[in-house]
Amino acid sequence: MSLSTEGSTLVDEHGRQRILHGINLVAKGSPGATEPSAFRGCWTGEDLAQLRDIGLDSVRLGVNWAATEPRPGEYSPQHLDWLAQQLDLLHDAGCAVILDGHQDLFSQSFGNGAPAWATLTAQRFEATELWSDAYLSSPAVHEAYDAFWADAPAGDGVGIRTRFVAMWGMLSQRFGSHPAVIGYDVLNEPTPGSAAPQLFGAIIHVVAELTGQAPEQVMADFADPAAKLSQLAQLEDPSLHRTLGDRIAPMLAEFEQGPVHALYTAAARAIREADPRGLILREHDYFGNIGIPASIPPLEDAAWAYSPHGYDLVVDTAAMPQASDTRVTTIFERAAETGEGLGVPVIVGEWGAFGTHEGIARHADAQLELFDARAWSWFYWCWEPGFAATEAAARLRRPRPRAVAGRDLRAGTSAGGGWRAAWTGIDCDAPSEFWIPPEREVEHLVDGRRQELRREQATVLLAPGAGEHRLRVS
């Protein structure tokens with residue numbers, strides 16, 4: 001598959017509007033791991049077949065810096081061979097792949113990501129009860145991130161950010177021509193270093209001001225899981241949530257427009273030396289995940305997309321079944337505004353994170369409806385052993401467009417519980433393709449007249465052509 005961009009539309013080699021529906025496969029390795037064998041995912045060919053059986057067609061595949069470049073400028077043949085094997089397996093399973101420069105807490109020394117030689121800090125790391133709180137509280141994470149954004153030199157005198165960019169040049173040279181690879185997600189959730197706790201403090205103060213509370217009380221409540229839920233309920237008011245985002249966004253503008261933009265600009269140039277076609281995904285910063293708008297400058301590249309992440313603020317806790325549709329809607333509405341301002345396709349890199357929780361169907365469906373309505377591509381977070389038996393997997397098994405010979409696609413669940421899609425057709429050398437569970441009946445109409453369609457199990461193929469197309473699914 002070869003993808004390009006046409007304004008805010010993702011287009012395949014046939015000129016069809018393309019929508020990706022995928023999942024994250026990320027082998028993080030344990031904190032402190034160094035051996036290449038520690039970063040090998042435990043998914044199997046059977047697991048990949050199960051993903052295909054619920055209609056998923058793409059994967060955001062984690063690339064771990066610590067495993068890829070265990071010493072400065074030296075790339076691990078064992079890990080690169082493993083990545084090549086995964087690409088072969090995914091291609092055989094019919095999955096397109098985005099390579100993802102994954103990190104959590106920046107470094108393999110703290111979570112996963114950067115190798116020890118690129119983790120420049122003298123501070124001791126202390127884990128937090130909720131792992132992601134260390135972004136806000138850990139001096140070790142702050143100092144290591146500050147060094148990365150400043151391109152501080154490692155022991156060999158070369159800047160660590162420069163080394164990271166060079167690794168992407170190597171990866172595009174090694175894998176850019178692989179038939180599974182369609183793009184590159186340079187860095188997962190870029191995060192400020194020492195500015196992070198100040199930004200969180202500003203969030204607390206704005207919430208306190210907008211709700212008439214003392215900042216000290218709001219901060220204390222955020223440290224208590226039960227009281228935190230009450231504070232998060234304040235954001236059930238979309239106007240308050242949006243005002244919070246508007247007040248905090250200017251504080252992140254320098255970070256987004258300075259070091260983050262510099263990283264993406266340099267990485268795009270390095271990737272393009274070997275791969276002129278692959279999509280480059282531009283993420284927003286870590287605080288964008290909670291609905292803080294990102295001041296992203298356009299990337300000077302012909303094939304790039306905006307790739308937001310979004311989670312309700314109970315993510316990674318036992319309260320996930322209590323997640324708020326209202327809050328997550330505000331988060332993705334802010335992402336939609338950013339995408340519209342940039343005028344590029346939106347590919348949601350992460351959402352969900354439902355794990356094995358039960359009682360998440362409503363929240364999952366609400367987000368899927370948001371994505372369908374905007375014809376957004378997405379990658380669910382994430383695969384784990386036993387995923388196929390989870391409630392989350394069951395919710396993902398629903399009708400979806402894959403490639404549409406047309407423009408202005410609109411889709412979603414109808415009032416009666418069926419599923420509908422509509423688009424303006426174009427002449428094309430390939431049919432429209434939808435994935436529809438085999439047990440559901442399908443009807444295709446053009447300008448109100450019923451059309452013949454071809455069905456191969458869950459794959460539904462529709463003749464292209466001008467006119468107003470409608471698909472009705474029972």
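The values are calculated or read from the model by the stated rules, or taken from the named source; none is laboratory data. Everything quoted here is computed from the prediction, not taken from an experiment. Neighbour counts run over all protein chains shown; Cβ positions are idealised from the backbone, glycine included. Ligands, DNA and RNA are stripped out before the accessible areas are found, and what is left, the full protein with its side chains, is counted by its heavy atoms. Shrake-Rupley method; radii C 1.70, N 1.55, O 1.52, S 1.80 Å.
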*Kindly list, by first and then second residue, each pair from a residue in region 380-397 that is at positive phi to a residue that is of a type outside the set (A, V, I, L, M) and part of a loop (DSSP other than H, G, I, E, B), limited to pairs with Cβ atoms under 8 Å and residues at least 6 apart or on different chains.*
Gly386/Thr356
*Quick one: which residue in Ala319, Ala366, Ala405 is in contact with a strand residue (DSSP E or B) (Cβ under 8 Å, 6 or more places away or on another chain) and touching a residue at least 12 places away in the same chain (Cβ under 8 Å)?*
Ala405
*asked:* The conditions are (1) open to solvent by 10 Å² or more (accessible area, probe 1.4 Å); (2) farther than 24 Å from Ala274 by Cα; (3) in contact with a strand residue (DSSP E or B) (Cβ under 6 Å, 6 or more places away or on another chain), and Asp151 fails exactly one of them. Which is it?
replied: (2)
*If you check Asp408, Asp429, which single one turns out to be of a type in the set (Asp, Glu), at positive phi and open to solvent by 20 Å² or more (accessible area, probe 1.4 Å)?*
Asp408
_Top-ranked residue of region 6-45 - restricted to ones that are open to solvent by 40 Å² or more (accessible area, probe 1.4 Å) and closer than 30 Å to Gly412 by Cα, ranked as farthest from the chain's Cα centre (by Cα)_ = His14
*Pick out the one residue from Glu129, Glu189, Glu209, Glu143 that is assigned to a helix (DSSP H, G or I), within 25 Å of Leu229 (Cβ to Cβ) and of a type in the set (D, E, K, R).*
Glu209
*Just one of Arg454, Arg440 is in contact with a Leu (Cβ under 7 Å, 6 or more places away or on another chain), loosely packed, with under 15 Cβ neighbours inside 10 Å and modelled with pLDDT of 95 or more; which is it?*
Arg454
*Which of (1) at pLDDT 95 or above; (2) open to solvent by 50 Å² or more (accessible area, probe 1.4 Å) is the odd one out, the single condition Leu461 does not satisfy?*
(2)
*Return the only residue of Arg395, Arg374, Arg362 being under 17 Å from the mean Cα position of the chain (by Cα) and of a type in the set (Lys, Arg).*
Arg374
*asked:* Among the residues in region 355-378, are any closer than 22 Å to Asp316 by Cβ, of a type in the set (S, T, N, Q) and surrounded by fewer than 19 Cβ atoms within 10 Å (Cβ to Cβ)?
replied: yes
_Residues that are aliphatic (A, V, I, L, M) and either open to solvent by less than 40 Å² (accessible area, probe 1.4 Å) or outside any loop (DSSP other than H, G, I, E, B) (or both), drawn from region 296-331_ = Ile296, Leu299, Ala303, Ala305, Leu313, Val314, Val315, Ala319, Met320, Ala323, Val328, Ile331
*With respect to Asp57, determine if the residue is surrounded by fewer than 16 Cβ atoms within 10 Å (Cβ to Cβ), among the acidic types (Asp, Glu) and on the phi < 0 side of the Ramachandran plot.*
no
*Which one of the conditions (1) modelled with pLDDT of 95 or more; (2) open to solvent by less than 10 Å² (accessible area, probe 1.4 Å) does Asp104 fail to meet, given that it meets all the rest?*
(2)
*Only residues that are without any contact (Cβ under 8 Å) to a residue 60 or more places away in the chain and either of a type outside the set (Ser, Thr, Tyr) or in a helix (DSSP H, G or I) (or both): list them for region 343-359, please.*
Val348, Trp351, Gly352, Ala353, Phe354, Gly355, His357, Glu358, Gly359
*Collect the residues in region 252-279 that are among the acidic types (Asp, Glu) and either within 21 Å of the chain's Cα centre (by Cα) or within 30 Å of Ala180 (Cβ to Cβ) (or both), keeping them in residue-number order.*
Glu256, Glu273, Asp275
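Conditions (1) closer than 20 Å to His309 by Cα; (2) open to solvent by less than 40 Å² (accessible area, probe 1.4 Å); (3) not β-branched (Val, Ile, Thr), marked per residue:
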| position | (1), (2), (3) |
| --- | --- |
| Glu189 | yes, yes, yes |
| Gly201 | no, yes, yes |
| Glu209 | no, no, yes |
| Pro215 | no, yes, yes |
| Asp221 | no, yes, yes |
